[in-house]
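Participant: This is the structure I have questions about; it appears just below.
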Amino acid sequence: MNNIRKQIEVTKKTRQEIKAAFGCSDMAMWRALNFVLDTDLSKRIRKFALMKGGNVIYLTPAAETIHDAEGFMRQYFDNGTMIEADKNTGTVELIDGSGRVVEHIEHCSIPKLYEVQKIARTF
């Protein structure tokens, strides 16, 4: 449940170009683009996909997220925890079900936000 997966999203044309450039099967390409394998071929396929305009996306378990006009993002979890992020400053707070700030991060990066989301699900 706490797994965050990442993959590279590409167009159908790019998938065709990958197969032609590397002579690989659909499965080998899928494993590379979904970070299942970390072989030299997988790394080259990922690099090629990104050069062709592919985008790395993260797949996370669902949580309700609200973006309001005041520049905040609030994410609510089933277990009562909440993440509040100030989109202007990059400050992120993890708040437990009793309203206590458990973690405070200044200038939070996206990878760090994913870590905080993972922690929020464990309460």
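Participant: If I filter segment 30-52 for residues that are at pLDDT below 95, aromatic (Phe, Trp, Tyr) and out of contact with any strand residue (DSSP E or B) (no Cβ under 7 Å at 6 or more places or on another chain), do I get at least one hit?
Facilitator: yes
Participant: For segment 73-101, which residues satisfy the criterion of being open to solvent by less than 60 Å² (accessible area, probe 1.4 Å) and without any contact (Cβ under 8 Å) to a residue 24 or more places away in the chain?
Facilitator: Met73, Arg74, Glu84, Asp86, Gly90, Thr91, Glu93, Ile95, Gly99
Participant: Would you be able to tell me the number of residues in segment 26-50 that are part of a helix (DSSP H, G or I), open to solvent by 70 Å² or more (accessible area, probe 1.4 Å) and under 28 Å from Ile110 (Cα atoms)?
Facilitator: Count: 7.
Participant: For segment 1-25, how many residues meet the condition of being open to solvent by less than 90 Å² (accessible area, probe 1.4 Å) and assigned to a helix (DSSP H, G or I)?
Facilitator: 7
Participant: From the list Leu41, Leu50, pick out the single residue that is within 30 Å of Lys19 (Cβ to Cβ) and in contact (Cβ under 8 Å) with a residue 40 or more places away in the chain.
Facilitator: Values: Leu41 fails: in contact (Cβ under 8 Å) with a residue 40 or more places away in the chain.
Matching residue, one of Leu41, Leu50: Leu50.
Participant: Of all the residues that make up segment 102-123, how many are of a type in the set (S, T, N, Q) and surrounded by 15 or more Cβ atoms within 10 Å (Cβ to Cβ)? Reasoning before the result, please.
Facilitator: Taking segment 102-123 as the starting set, the residues that turn out to be of a type in the set (S, T, N, Q) are 109, 117, 122.
Restricting the remaining residues to those that are surrounded by 15 or more Cβ atoms within 10 Å (Cβ to Cβ) gives 117.
Residues meeting the conditions: 1.
The values are calculated or read from the model by the stated rules, or taken from the named source; none is laboratory data. Every value quoted in this text rests on a predicted model; they were computed, and no experiment measured them. Positions of Cβ are backbone-derived with ideal geometry, glycine not excepted, and every protein chain shown enters the neighbour counts. In case anyone asks, the SASA skips ligands and DNA or RNA and just uses the protein heavy atoms, side chains included. Shrake-Rupley method; radii C 1.70, N 1.55, O 1.52, S 1.80 Å.
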